[in-house]
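S.K.: Below are the structure tokens for one structure; questions will follow.
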Amino acid sequence: MIRLDNLTKVFDTPKGAVTAADHISMEVPAGEICILLGPSGCGKTTTLKMINRIVRPTSGKVFIDGEDTSALDTQELRRNLGYVIQQIGLFPNMTIEENITAVPRLLGWDKDRYKRRARELMDMIALDADAFLKRYPSELSGGQQQRIGVARALAADPPVMLMDEPFGAIDPINRAVIQDEFLKMQQELKKTIMFVSHDIDEAIKMGNRIAIFREGKLVQYSPPDDLLAAPRNAFVESFLGEDRALKRLNLVKVRELASDEIGVVRPEDTLATALERIEGFGYQNAILMINDKRQPVGIIHRSVARTTSGYCRDHFQSVPTVVSLDDDLRKVASLMFAYDMTWMPCVDDEGRVCGQITQRAITHHLGSRYRATQSSGPGDDTGTPTPSAAEE
Amino acid sequence: MELIQYALDNLGLLLDRTIEHIALVGVAVGLATLTGVPIGIAITKNERLAKAVLYVASIIVTIPSIALFGIMIPILSIIGHGIGYVPAVIAVLLYSQLPIIRNTYTAINNVDPALREAARGIGMSQNQRLRQVEIPLAIPIIMAGVRTAVVLNIGVMAIAAYIGAGGLGTFISRGISQSDPRQLIVGAVAVSLLAIIVDYSLLALQKRLTPRGMERAATTA
């Protein structure tokens with residue numbers, strides 16, 4: 001758990017005092033990722049760096065797991081906080097092994113223990129220990145280097161990680177891969193993480209909570225879905241972008257909106273039955289045909305069912321696509337557009353048809369939060385169950 | 001032919017003088033490294049002090065060597081070493097400060113700020129950062145400074161023959177006083193060759209001292 005209590009930084013510059021972070025108070029519950037988001041110069045990085053005293057706070061306090069860190073020795077504090085920076089900062093004069101065991105060695109672990117730990121870490125970040133441990137950072141690609149950077153931060157198993165735009169310097173394709181890997185690791189490790197980003201999509205993907213900063217102030221602190229559905233003010237709204245409703249598609253899984261009412265036919269049904277069900281379930285174009293194992297095997301088009309007689313098994317076409325319960329709505333929406341469909345069959349892990357998701361259900365879900373916030377008025381945060389200490 | 005004949009005839013003496021020369025420069029630059037590197041590191045903490053120190057070191061280098069020897073004669077006479085080994089070593093020690101201090105200062109100052117932040121961020125103390133990160137990364141540039149000092153001072157030490165310090169300069173000074181071009185030229189060529197050979201040997205040493213993993217940086221330094 002990380003708690004910031006009125007954390008403030010005032011820089012003295014030739015042009016006068018500049019308040020980089022202004023009475024920031026917030027709390028990140030244990031095991032969650034909190035993204036600090038905002039335009040450059042908004043104080044997000046300063047806030048992060050005050051936690052490990054790379055930047056000394058002018059006033060205010062930082063609590064880690066309830067303990068006031070101002071009593072701790074700076075070096076000791078830092079050794080207990082994993083730290084990942086955008087420039088990675090691997091030491092070029094040290095091997096990969098020396099780099100990732102830097103903190104354990106500072107902590108005085110014995111050789112066997114830190115060597116074993118190095119191998120564990122390499123397994124965790126999915127790099128071959130034998131191939132990489134004895135190499136030097138300059139021999140690795142940017143993506144590999146950043147994985148090592150993360151491993152170095154995790155080496156002494158700190159409860160808290162601070163990450164300053166950790167994936168910012170990696171190309172978009174590798175970045176997505178590393179983000180996924182990191183989220184997978186986090187599911188097991190359950191670190192409490194503060195993560196600076198200027199990329200909204202990254203924030204929505206990675207964050208359990210997002211803190212929006214502007215000019216040194218914390219403007220809004222909410223879970224991503226609440227943030228997108230109920231931006232507190234015009235700044236947050238414009239920062240999130242006009243397509244913010246679409247961004248929410250990333251956050252919702254098919255499982256949440258799928259209805260188990262789906263009309264299907266079996267191969268042995270007649271086309272007349274098919275037409276009846278198409279009408280009955282209100283499908284515009286076609287109905288799904290499944291086999292005995294409830295696997296989707298084809299679709300019967302309305303036009304075929306109306307004009308032809310016979311059995312479904314002789315007149316079906318291939319299934320354009322299905323979605324699984326763990327897919328997000330963004331994928332579903334994209335497939336709907338691509339195949340010109342207003343509904344999609346959903347399948348479970350074994351590939352059995354278990355329901356459908358409709359365009360109507362998606363738009364209704366996205367719209368319901370807007371309607372709720374509009375009726376209670378913008379700026380009202382009742383829909384946000386998080387401690388929000390923003391001062392306006 | 002005459003020159004080669006002279007050199008061969010006096011090979012023993014030539015070798016003795018060369019060893020003497022190397023010993024003088026080696027001791028002096030060795031001492032200069034022991035003082036210059038810590039000074040160079042220390043002044044990275046204070047920009048104003050750094051400017052002052054580098055300024056003084058630059059001024060020392062502008063003093064002509066023959067004048068410096070002259071100044072030292074009365075001063076060092078007090079402890080009975082007005083001429084000879086001691087003033088020669090002191091002069092070279094002083095001349096070596098600029099390249100060594102300046103390169104150390106630049107090298108430490110130019111360590112990538114991201115590396116410094118990473119080192120601080122994982123909880124290294126100032127000493128640990130210096131020993132484990134900053135100095136290893138600075139070694140190629142510090143060594144380049146030492147090489148500059150050595151090559152520069154192999155030349156300066158030739159003049160120290162005038163205050164009786166010995167070394168290859170004795171061939172040159174005798175060649176002049178005895179109007180003997182053979183001695184003069186053999187001495188001059190020997191000094192030049194020595195400078196070149198020592199420079200290459202130190203370059204090899206520099207490469208060995210450079211941490212693996214940053215060899216690319218070393219070849220450009």
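S.K.: Filter region A:212-269 for residues that are in contact (Cβ under 8 Å) with a residue 24 or more places away in the chain and polar (S, T, N, Q) and give the result.
M.R.: Scanning region A:212-269 gives A:Gln220, A:Ser222, A:Asn233, A:Asn250, A:Ser259.
S.K.: Looking at (1) open to solvent by 60 Å² or more (accessible area, probe 1.4 Å); (2) more than 14 Å from every other protein chain (Cβ to nearest Cβ); (3) not hydrophobic (A, V, I, L, M, F, W, C), can you tell me which one B:Ser173 breaks?
M.R.: For B:Ser173, the exception is condition (1).
S.K.: Out of all the residues in region A:101-118, is one or more within 8 Å of chain B (Cβ to nearest Cβ) and within 23 Å of A:Ser197 (Cβ to Cβ)?
M.R.: Looking for residues that are within 8 Å of chain B (Cβ to nearest Cβ) and within 23 Å of A:Ser197 (Cβ to Cβ), one finds none in region A:101-118, hence no.
S.K.: Looking for whichever is part of a loop (DSSP other than H, G, I, E, B) and either in contact (Cβ under 8 Å) with a residue 24 or more places away in the chain or of a type in the set (Gly, Ala, Ser) (or both) here; the options are B:Ile100, B:Ile39, B:Ile83. Which one fits?
M.R.: Just a single option satisfies the conditions, and that option is B:Ile83.
S.K.: Take A:Lys15 and decide whether it is surrounded by fewer than 23 Cβ atoms within 10 Å (Cβ to Cβ), away from chain B (no Cβ under 13 Å) and over 29 Å from the mean Cα position of the chain (by Cα).
M.R.: yes
S.K.: If you check B:Ile163, B:Ile122, B:Ile141, which single one turns out to be open to solvent by less than 40 Å² (accessible area, probe 1.4 Å), within 14 Å of chain A (Cβ to nearest Cβ) and of a type in the set (A, V, I, L, M)?
M.R.: The conditions single out B:Ile122.
S.K.: Run B:Leu168 past the list (1) surrounded by fewer than 21 Cβ atoms within 10 Å (Cβ to Cβ); (2) within 20 Å of the chain's Cα centre (by Cα) and report the number of the one that doesn't hold.
M.R.: The single condition B:Leu168 does not satisfy is (1).
S.K.: Looking at A:Asp65, A:Asp73, which is the one that is away from chain B (no Cβ under 12 Å) and of a type outside the set (Gly, Ala, Ser)?
M.R.: A:Asp65
S.K.: Can you say whether A:Ala126 is open to solvent by 60 Å² or more (accessible area, probe 1.4 Å), within 21 Å of A:Thr192 (Cβ to Cβ) and away from every other protein chain (no Cβ under 14 Å), as far as the supplied structure shows?
M.R.: no
S.K.: With region A:237-347 as the region, which strands (runs of 3 or more DSSP E) entirely inside it contain at least 2 residues that are open to solvent by 20 Å² or more (accessible area, probe 1.4 Å)?
M.R.: Those strands (runs of 3 or more DSSP E) span A:296-301.
S.K.: In region A:135-148, is there at least one residue being open to solvent by 70 Å² or more (accessible area, probe 1.4 Å), among the charged types (D, E, K, R) and over 30 Å from A:Ile24 (Cα atoms)?
M.R.: Yes.
The values are calculated or read from the model by the stated rules, or taken from the named source; none is laboratory data. Source: prediction; values computed, not measured. For neighbour counting, all protein chains shown are included, and Cβ atoms are generated from backbone atoms with ideal geometry for every residue, glycine included. Heavy atoms of the whole protein, side chains included, go into the accessibility calculation; ligands, DNA and RNA do not. Shrake-Rupley method; radii C 1.70, N 1.55, O 1.52, S 1.80 Å.
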